[in-house]
Amino acid sequence: AAKLFASTGGLAELAKIPACNLQLLGKNKSTSASRGGMATQSRVQHAGYLAECELVLRTPNYLKMKAVKAVAGKLALAARTDHVNVESGRARTAAVGRKFHEELRAKFGKWEEPDKAQVVKALPKPDLTTKKRRGGRRIRRLKERFEETEMMKQANRRAFSAESGEYGDDAMGLTLGMLDTKEGGAMRNTVEKRKMRQANTKSSRKRAVQMSSGA
């Protein structure tokens with residue numbers, strides 16, 4: 001804490017610094033002169049005084065950078081809380097700092113726990129009950145639009161004891177079905193468009209009564 005106050009100039013200036021910059025306070029630029037010929041594997045990259053914190057030193061090396069970011073966030077909140085208490089004339093207490101300290105200890109302990117084994121969940125029981133389907137004019141028109149025509153029905157039918165070629169589409173089963181036979185293809189050239197069946201609903205009956213009364 002003394003190093004942080006000395007590098008920033010006081011509590012008011014410390015409270016103004018965001019958490020992303022707090023973790024860089026006291027960081028030495030890595031040069032040949034600063035290293036002095038020593039290896040830098042044990043040093044936490046992009047971290048300053050907060051890397052010397054007790055909570056950070058207890059964490060494994062692969063979690064140190066993550067721990068520094070978490071400590072910097074709590075430090076920024078604690079500094080702003082103390083600054084607000086000083087400005088408003090209230091007494092400064094260590095309750096907030098102790099609370100943040102316990103939260104960080106619990107969080108770092110959670111990070112070090114091994115991952116839980118993946119549990120294979122059983123598939124849910126299928127719902128075999130029939131559900132109500134939404135009907136109406138739009139759905140009926142959609143069904144009539146994609147309704148199977150007579151030509152499609154004959155194309156899907158197969159004739160028994162019919163000769164088929166050894167090569168080409170006949171061998172693969174890609175034929176025209178009954179349309180390619182003498183018996184098939186007897187369809188009317190003009191097919192009347194079937195009118196949409198009138199729905200027997202409350203609104204349709206009401207509309208029919210209004211039309212009959214108006215006529």
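Data overview
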{"item": "Qualifying residue in the stretch 108-118 (condition: open to solvent by 100 Å² or more (accessible area, probe 1.4 Å), closer than 30 Å to Tyr62 by Cα and in a helix (DSSP H, G or I))", "result": "yes"}
{"item": "Residue list for the stretch 79-104, filter: among the aliphatic types (A, V, I, L, M) and assigned to a loop (DSSP other than H, G, I, E, B)", "result": "Ala91, Ala94"}
{"item": "Any hit, the stretch 74-84, residues being at pLDDT below 85, surrounded by 10 or more Cβ atoms within 10 Å (Cβ to Cβ) and farther than 30 Å from Leu4 by Cβ", "result": "no"}
{"item": "Residue within the stretch 137-154 that is part of a loop (DSSP other than H, G, I, E, B), open to solvent by 90 Å² or more (accessible area, probe 1.4 Å), closer than 30 Å to Leu179 by Cβ and not acidic (Asp, Glu) present", "result": "yes"}
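The values are calculated or read from the model by the stated rules, or taken from the named source; none is laboratory data. These numbers were taken from a predicted model, which means no experiment stands behind them. Reconstructed Cβ throughout: ideal geometry from the backbone, glycine too, with neighbour counts over all protein chains shown. Protein only, heavy atoms only, side chains kept; ligands, DNA and RNA dropped before computing areas. Shrake-Rupley method; radii C 1.70, N 1.55, O 1.52, S 1.80 Å.
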